[in-house]
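Have a look at the structure below, then the notes.
No lab work stands behind these numbers, since they all come straight from the coordinates. These numbers were taken from a predicted model, which means no experiment stands behind them. Note: ideal-geometry Cβ built from the backbone for every residue, glycine included; neighbour counts use all protein chains shown.
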Amino acid sequence: MSIWATKSIEQLKAEAAETGEHSLKRVLGPVNLITLGIGAIIGTGIFVLTGQAAAQYAGPAIVLSMILAGFASGLAGLCYSEFASTVPIAGSAYTYGYATLGEFMAWIIGWDLILEYALGAATVAVGWSGHLTAFLHDFVGIDFPASLAAAPCTLIPAAGCSPEAVINLPAVLITLAVTALIIIGVRESANVNTVIVIIKVAVVLIVILGGAAYINSANWQPFIPPNTGTFGDYGWSGVLRGAGVIFFAYIGFDAVSVAAQEAKNPQRDMPIGILGSLVICTILYVLVSGVTVGLVPYRDMLGSAAPLVVAVRAAEAASGGSGLLHAMVMLVELGAIAGLSSVMVVMMMAQPRIFYAMAKDGLLPPFAKKIHPRFRTPHITSMITGLIVALAAGFTPIGALGELVSIGTLMAFVIVSLGVMFLRYQRPDLERPFRTPWVPFVPILSALVSFGLMAGLPFDTWARLVIWMAIGIVFYFMYGHKHSEVRKRDEVLAAAGGTRRR
């Protein structure tokens with residue numbers, strides 16, 4: 001009956017092998033998994049947060065922030081790959097925590113993952129809204145009402161809110177559209193995502209190759225702006241804080257692990273999907289961030305929801321109206337609109353599956369584990385996720401959302417990294433199709449780097465994390481612990497043991 005009770009690996013594998021109308025459908029191959037990862041990773045980081053992190057924290061050294069965040073992601077990716085191939089079940093870090101650290105820590109991770117996936121999708125929706133309104137203004141001649149295209153400052157004052165705003169309506173509408181898609185089916189969602197991934201990778205490559213010809217090297221000077229005397233305001237501390245904020249850009253590879261129960265051959269394909277998407281995206285990120293800060297002075301991107309467009313447009317003006325750069329502006333806008341849509345698809349597909357896994361363990365109400373009889377998707381939790389994302393996207397500024405998502409994800413990475421090490425010592429006999437190299441060095445380093453990036457985030461973000469976790473702990477003891485399937489199992493075993501003793 002302890003809150004530290006764990007689920008056995010054998011039990012988790014048995015759940016993963018379940019078939020029938022109440023189980024998820026295995027339809028995803030390695031290409032689907034890689035494109036799912038790329039679909040989630042390439043989005044808000046390139047199209048929205050890169051410019052903001054450069055303007056506020058790192059300057060041109062945002063390139064170093066990208067490398068540091070990519071390094072941290074790579075370490076965590078190795079740990080996720082081992083778990084995803086060993087325990088191929090929906091739930092991702094939540095399930096891994098249950099197998100190694102016990103029910104309470106599993107709940108903490110599951111509650112924490114809401115910050116990553118649901119608020120991550122909300123952050124992307126806000127960025128999508130910014131690009132849509134910019135595209136309508138620049139190329140269609142329609143000015144979307146400002147009061148309906150931003151979060152009001154009255155709720156959470158932060159970068160990205162607007163004093164006259166009422167609601168971010170485009171962000172709400174795209175959320176509802178994606179919710180409908182993920183209810184219809186995982187295969188349909190994956191196919192739509194694959195098409196969009198091809199489009200946005202092509203756009204990113206065009207920006208890198210086309211923009212490189214218009215770089216002004218003066219914009220790279222000084223490469224690491226001097227610190228203002230405040231931690232995180234440029235200098236090396238700014239590089240660290242920039243990495244913590246931009247870490248949001250790498251979220252996505254772990255969402256691949258959430259689809260483990262819908263992969264055809266998860267033991268082989270999960271590591272391919274996780275590490276393959278991460279390597280591809282890291283290379284593209286470093287290149288595109290270097291080009292972006294070379295096209296425009298980094299301070300000029302402050303407060304913009306579409307900084308890459310700002311950079312290309314500034315280069316266009318400096319060149320006297322280059323036709324190539326004008327075409328690039330349109331391509332970036334279209335690529336961002338399409339690309340951010342695919343990020344939302346993956347994140348909003350991941351969150352209901354976390355709820356599904358938690359409900360099967362009794363930690364959430366039974367309705368959360370219901371599967372649609374036709375579509376074989378967790379339709380009720382998909383609708384709940386859509387509602388949460390729509391409310392957050394409609395009324396919360398992007399600055400507050402992005403930092404919360406980053407700290408939530410980093411916390412999950414710390415726990416998963418430590419979990420790999422625990423499981424190696426607890427169950428050295430387990431079959432591991434993929435093994436994290438250099439254990440315990442890699443897991444320990446992964447946990448330390450991820451925690452270091454957390455430490456670089458602002459105090460307000462930590463305060464919001466503490467409040468969110470406190471709410472989760474109250475919910476766990478009021479409902480989850482009382483209805484836990486593992487707790488019921490332990491009570492039965494304890495009763496049986498007592499009967500035998502009598």
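Here are a few things to note about the model shown:
- Charge dipole (the chain, unit charges on Cβ, about Cα centre) - positive-most of LEU284, THR385, LEU423: LEU423
- Unit charges at the beta carbon, dipole of the chain: most positive-side option, VAL87, ILE467, ALA318: VAL87
- Neighbour counting of Cβ atoms within 10 Å sorts the residues VAL346, VAL492, fewest neighbours leading, into VAL492, VAL346.
- Efficiency of FRET between ILE198 and PHE231 - r from beta-carbon atoms, R0 51 angstrom, step 0.05: 0.80
- Between the C-alpha center of region 23-86 and that of region 200-258 there is a gap of 13 Å.
- Compared with the dominant Cα axis of the chain, that is its longest principal axis, helix 62-86 is turned about 20°.
- The residues LEU113, LEU324, LEU181, LEU364, when put in order of fewest to most other Cβ atoms within 10 Å, stand as LEU324, LEU181, LEU364, LEU113.
- Label point of PHE477 set 7 angstrom out along Cα-Cβ; within region 98-130, amide nitrogens under 15 Å from it belong to 104-105, 108.
- Theoretical FRET efficiency, 1/(1+(r/R0)^6), r = Cβ-Cβ of ALA317 and LEU205, R0 30 Å, to 0.05: 0.80
- Considering only Cα atoms, the convex hull volume of region 65-223 works out to 211 Å³ per residue.
- Acute angle (nearest 10 degrees) that the helix 103-135 long axis makes with the longest principal axis of the chain, alpha-carbon atoms: 30
- Between 0 and 90°, nearest 10: helix 235-246 axis offset from the chain longest Cα axis: 60
- Shown is the FRET efficiency for ARG268 and ARG187, computed with R0 = 22 Å from the Cβ-Cβ distance and rounded to the nearest 0.05: 0.70.
- In this label model, ALA455 and MET469 are separated by 1.6 nm, measuring between points 7 Å along each Cα→Cβ vector.
- Of PHE47, PHE475, the sequence from fewest to most neighbouring Cβ atoms within 10 angstrom is PHE475, PHE47.
- Equivalent ellipsoid, region 356-442 (semi-axes from 5 times Cα gyration tensor eigenvalues, Å): 32, 23, 11
- Eigen-decomposition of the gyration tensor built on the alpha-carbon atoms of the chain gives equivalent ellipsoid semi-axes of 39, 23, 21 angstrom, largest listed first.
- Within straight-line cross-link reach of LYS13, lysines at Cα separation under 29 Å, skipping those fewer than 8 residues along the same chain: LYS25, LYS264, LYS360, LYS369, LYS370, LYS482, LYS488
- Magnitude of the charge dipole, the chain, Cβ model with Lys/Arg +1 and Asp/Glu -1, debye to 20: 1520
- Dividing the convex hull volume of the alpha-carbon atoms in region 258-320 by its residue count gives 118 Å³ per residue.
- Ignoring the sites themselves, the chain has its longest run without GluC sites (Glu not before Pro) in a DSSP loop having at most 11 other Cβ atoms within 10 Å at 165-430.
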